[in-house]
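The values are calculated or read from the model by the stated rules, or taken from the named source; none is laboratory data. Please read these numbers as outputs of a predicted model, since none were measured by experiment. Here the Cβ positions follow ideal geometry from the backbone for every residue, glycine too, while neighbour counts run over all protein chains shown.
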Amino acid sequence: MSSISIDIPTLEINSYGLKNLVNYISRHEQTLKEFGAIKIKLNSDCLLGLKTQKISSKFTNIQKIVKISNDEPIYSIKKIEGINDYMKEHIPILNEETFWSSFIHSNHKHEQSAASILLNKSLFLKNSPENSFSIHHIPKQSLLKLVDTQIIPQFVPCLTRSHEPGTIFPLSDTQQRLFSLIYHHDGGSRCWYIIPSCERETLLKLLYQKSSSTCFQHDHLFINPSILDKHHIRYHRIIQYSNEFIVLSAGTISQSFTTDACWTESIPFALPSWIRNDHVYNQHSTCQCKINQISEAKTINMNLSQSDPVQKSIDQYRNVNNNNYQHISISTG
């Protein structure tokens, strides 16, 4: 397939589909795997169980951005802590062109505020009213509900605050190669670049050749998409606006930036294909580099593949795929 980027599919969901969002997502499993992500827009009848009081967050860190390759637009993103006197004139980010031009005008080296990552914080109610959506229910709707009851509460939302235009989210995996659901609460749009799992190894080889001293698994790299076009690596773009979901497939690599200050929130979940496609066996980083990991998400110890209910769910998934159905239910045995 050509490396020329196209947008990922956008779906529209009603209140019935939102009630069990994981089952809705599973109906589009093949599309999700092919593109690495999908976008979901909410119908007017969808109700969200949101808190009325916002969470305050002030930035104390900045991102130092430096071009690290002489012949390719690859950048190192380093977080510098304890910055209290950071001041910068905000340059409007209207689109991709203005965003990437800021790199050229800054001579490939500049600083900006880093996003605030608030693990186990949420703008959704844990006990939401009936018929309203809460992100807290997502792990229990998925294959993760087969995990020991003492483990599943560890899969919690992660709230992210971008403080200004141009905040960067470097190349990264989803947590433990799980699927990830990201909701955009409000503020400026978030522009995503999605590399599906089928292009994963090609991308990793390229990054190692061009920058062997750093590693995307440590959230240190950000690349201009022109490098993907040049080396024929397939990727997809999508712009996420307020009140929209992005779903990242297991094994997807992504990066993004914001056009203005905004709030987003994410949570991991699993479909049977997480095991069927061997992501469960690769959920822990095999990185050999010496960089201290800066990801805020912690690794959760779990072993799903040996239990009978999980195997039953995998078998059901295979049967549905063989019969060319689009929808599966996740069995608990």
(request) Only residues that are hydroxyl-bearing (S, T, Y) and at positive phi: list them for the range 1-58, please. (result) none
(message) Condition (residue is within 12 Å of the chain's Cα centre (by Cα) and either more than 23 Å from S102 (Cβ to Cβ) or free of Cβ contacts under 8 Å to residues at least 40 places away in the same chain (or both)) applied to the range 236-245: is it met by at least one residue?
(response) yes
(message) For the condition surrounded by fewer than 19 Cβ atoms within 10 Å (Cβ to Cβ), modelled with pLDDT of 90 or more and not aliphatic (A, V, I, L, M), what is the one hit in T60, T31, T52?
(response) T31
(request) Tell me which residues, restricted to the range 1-24, are modelled with pLDDT of 90 or more and in a strand (DSSP E or B). (result) T10, L11, E12, I13
(request) Would you be able to tell me the number of residues in the range 25-58 that are within 20 Å of the chain's Cα centre (by Cα), in a strand (DSSP E or B) and of a type outside the set (K, R)? (result) 4
(message) Within the range 72-82, take every residue that is surrounded by fewer than 15 Cβ atoms within 10 Å (Cβ to Cβ) and more than 23 Å from the chain's Cα centre (by Cα) and give me the one that is modelled with the lowest pLDDT.
(response) G82
(request) Answer yes if at least one residue in the range 170-185 is within 25 Å of N61 (Cα to Cα) and of a type in the set (V, I, T), and no otherwise. (result) yes
(message) Would you confirm whether or not the range 143-151 contains a residue that is over 19 Å from E244 (Cα atoms), of a type in the set (K, R) and out of contact with any His (no Cβ under 7 Å at 6 or more places or on another chain)?
(response) yes
